[in-house]
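The values are calculated or read from the model by the stated rules, or taken from the named source; none is laboratory data. Owing to the predicted nature of the structure, the values given are computational and were not obtained by experimental measurement. Every residue, glycine as well, gets a Cβ built from its backbone with ideal geometry; the counts of neighbours run over all protein chains shown.
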Amino acid sequence: MFQPHKKAKLIMKNIMSNKHNRYILIFSLVLLFASIVSFYLVSNNESYYSKTIAKIVSVTETEDKKTENDNGNIETFTNEKIQAVIMNGVHKGEKVNFQNTVSYSQTVDKDMSLKVNDEVFVSVNEGADKKIISAQFQDLKRDKYVAYIIILFVALILLIGGLKGLRSLISVLFNVIIFSVAIELFMHGYNLMLVASIASLLFIIVSISIVSGKNIKTLSAIIGTVAGTLFSILIAVIVIRITHSTGVHYEQMEFLTHPPEPIFFAEILMGTLGGIMDIAISISSAMNEIYDKNNAIERKSLIQSGMEIGKDIMGTMSNTLVFAYISGSIPIFLLWLKSGYSISNIIDVNISLEVMRALIGSIGIVLSIPITIFICVILLKKHRIGET
Amino acid sequence: MSAPIVLLIILFALMTLIGGKRGVKSFFTLLFNFVTFLILIIFIYFGVDPIKVTIAGCIIITCITLFYINGVNKKTVSSLISVLIVVLLTVLITYNMGTEARIQGFGYEQMETVAYLSIYVHLNFAKILVCQILIGLLGAIIDVSISISSSMNEVYKNDPSITKNNLLKSGINIGKDILGTMTNTLIFAFIGGFMAFIIYFTELHTPLADIMNRKVFCSEVFQILCSGIGIILIIPVTAIIMAVILMRKQSDSEKEKTADEIR
């Protein structure tokens, strides 16, 4: 039953590939056009902003100053005298002058060195005659850089990934939409954990279906991911409850406008998801492949090859998650060290949440291996009974 | 006992139980890598150039991850070379773009976090940003690279007479399959950290045009997309390097064969 079907598919593929080439050509032209248009739009969008934007025409550096602060850190400061032209609003075309003090580290907020041709937001003070008296530097206009990196990413993923790259992009897009709807629902007062769980379920179904199509492989990967995520979150909740949150320092979370615990759990839920999904897809597609090649394979050896694959990917995958999580804490880690905290204190307190996230994610990855194998075996067995 | 310690013990138990010997090795790789990460930070703390330290750190971490678990062979050596190339490429992209966009350090919204800390510490935070991005994507590119090179090795083993072009093609095809799931892994891992901050902006009704220009938002987007770019770049790079390495070995053995025939 299987062979002719596969052959037909192959022939179809060959016919399609000629057309594909033409599509790809048209597609890349459209893409090129789209990126040129968006490039132009973000480079010339000053008139759409209500905030005053100025383009810097000259920078004169004056004196370097050295100061020593409390923790024995010596820092150099530079003063920049800046002349800029206003690009939008009623004062368009007028010249303004302002001062900018920059430290060597350029650590926080407005502390940044400015260059000629930079576009910045400024606040202007007007006199009685609506003339500009003085101007102050607010922030750099960064939208075009965001656009550049997005264009670079999209172009590369389509260039190297082709149609599969396009699929990944579509799945990313879907996930962004689901994510924003979930945040919107939370804003309207729905329970965060409930919203996050439903969103995660949708993430899983959408991403896996788009990546691997409609088949048994997809089904077992979806069930495996859901079960793996559920178990790892369960373990996290139990451990945190049993230890009465010892060593969990919610006070280290940033941007808090709500109680931290539910937000932390929602973050863990979404963070673990991707890694578990990856493992579940790898294992279920490999096991399907093995089963397809040898329908008579014994259950025991099928499980064994699944475990073999799992052992192979477990290490590098948990590595991926650990680095993704701890990388974000590098700048703050350095500031703490420079402020006199000890390394052990920083690990215990300041980055405890990142460490927890990485650990829970890795636990989820390891757990999802046997779970996915178990589900694959059950589904494949059922499938075989259905076939014969 | 504190929650992180309990979780660490659970992870060790699970890795041993499910992964056996290789599981234990994976666990220790994680620990070694974490220690390397700490050493890297200490070097930066003492004022060594962050980018040089990071590149050295990346080489050490990659060597530990590849050679300790999988041993020294064609697969791991070609992965090491590819990871290095992509790390250098990413440095080029992120350093230029990151300095231009000035997304180093902390944004206005994070003032509370750094309120009691010294912020004038004489460290180049623009370079530290590159370090942050590289470390964040390192695990992912190692993973993708070793998957591609070991699959290509299987392909080659099954059909040693395969041409270089076809081997390259199959390598890229394998890479494309991994691309989708790997971008998902990273995107979700970062979205996890993104959430509190998106809620924060939504709550304050910050207009989109404003958010687009904020340092915090831009640096987050940069980190996610640079990781994505790294993952995309590692695919052709690994495929090419692995094809070259496998084929060089092949032509050597072919030469030997012909030499034997002549004799």
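Numerical summary
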{"quantity": "Within segment A:136-159, considering residues that are out of contact with any Lys or Arg (no Cβ under 6 Å at 6 or more places or on another chain) and not in a helix (DSSP H, G or I), the one farthest from residue A:32 (Cα to Cα)", "calculated": "A:136"}
{"quantity": "Subset tally (residues that are closer than 27 Å to residue A:45 by Cβ and in a strand (DSSP E or B)) for segment A:109-133", "calculated": "9"}
{"quantity": "Residues that are under 22 Å from residue B:10 (Cβ atoms) and in a helix (DSSP H, G or I), drawn from segment A:237-251", "calculated": "A:237, A:238, A:239, A:240, A:241, A:242, A:250"}
{"quantity": "Matching option when the condition is within 12 Å of chain A (Cβ to nearest Cβ), within 25 Å of residue A:120 (Cα to Cα), basic (Lys, Arg) and part of a helix (DSSP H, G or I), among B:75, B:127", "calculated": "B:127"}
{"quantity": "Per-region count, segment A:202-214, residues in contact (Cβ under 8 Å) with a residue 40 or more places away in the chain and either surrounded by fewer than 23 Cβ atoms within 10 Å (Cβ to Cβ) or of a type in the set (Gly, Ala, Ser) (or both)", "calculated": "3"}
{"quantity": "Qualifying residues in segment A:310-347 (those that are touching a residue at least 24 places away in the same chain (Cβ under 8 Å) and more than 27 Å from the chain's Cα centre (by Cα)) - the one farthest from the other protein chains (Cβ to nearest Cβ)", "calculated": "A:340"}
{"quantity": "Residues of segment A:101-123 classified as of a type outside the set (A, V, I, L, M, F, W, C) and farther than 18 Å from residue B:106 by Cα, total", "calculated": "5"}
{"quantity": "Lone qualifier among A:290, A:313, A:276 - being among the aliphatic types (A, V, I, L, M), farther than 30 Å from residue B:121 by Cβ and at pLDDT 90 or above", "calculated": "A:276"}
{"quantity": "Condition met for residue A:372 (without any contact (Cβ under 8 Å) to a residue 24 or more places away in the chain, in contact with a helix residue (DSSP H, G or I) (Cβ under 7 Å, 6 or more places away or on another chain) and more than 30 Å from residue A:245 (Cβ to Cβ))", "calculated": "no"}
{"quantity": "Some residue of segment B:243-252 being within 8 Å of another protein chain (Cβ to nearest Cβ) and either in contact with a helix residue (DSSP H, G or I) (Cβ under 7 Å, 6 or more places away or on another chain) or crowded, with 20+ Cβ neighbours inside 10 Å (or both)", "calculated": "no"}
{"quantity": "Selection from segment A:116-158 of residues that are farther than 21 Å from residue B:215 by Cβ, more than 7 Å from chain B (Cβ to nearest Cβ) and free of Cβ contacts under 8 Å to residues at least 60 places away in the same chain", "calculated": "A:125, A:126, A:127, A:128, A:129, A:130, A:131, A:132, A:133, A:134"}
{"quantity": "Residue count for segment B:6-19, restricted to those that are over 24 Å from the mean Cα position of the chain (by Cα) and more than 7 Å from chain A (Cβ to nearest Cβ)", "calculated": "4"}
{"quantity": "Test: residue in segment A:286-309 that is within 30 Å of residue B:214 (Cα to Cα) and facing another protein chain (nearest Cβ under 9 Å)", "calculated": "no"}
{"quantity": "Selection count, segment A:35-52, where residues are more than 14 Å from residue A:88 (Cα to Cα) and surrounded by 13 or more Cβ atoms within 10 Å (Cβ to Cβ)", "calculated": "5"}
{"quantity": "Qualifying positions in segment B:101-146 - hydroxyl-bearing (Ser, Thr, Tyr) and within 15 Å of the chain's Cα centre (by Cα)", "calculated": "B:145"}
{"quantity": "Pair list, Cβ < 8 Å and 6+ apart or interchain, from segment A:295-306 residues that are over 17 Å from residue A:370 (Cα atoms) to residues that are of a type in the set (A, V, I, L, M)", "calculated": "A:297/A:290"}
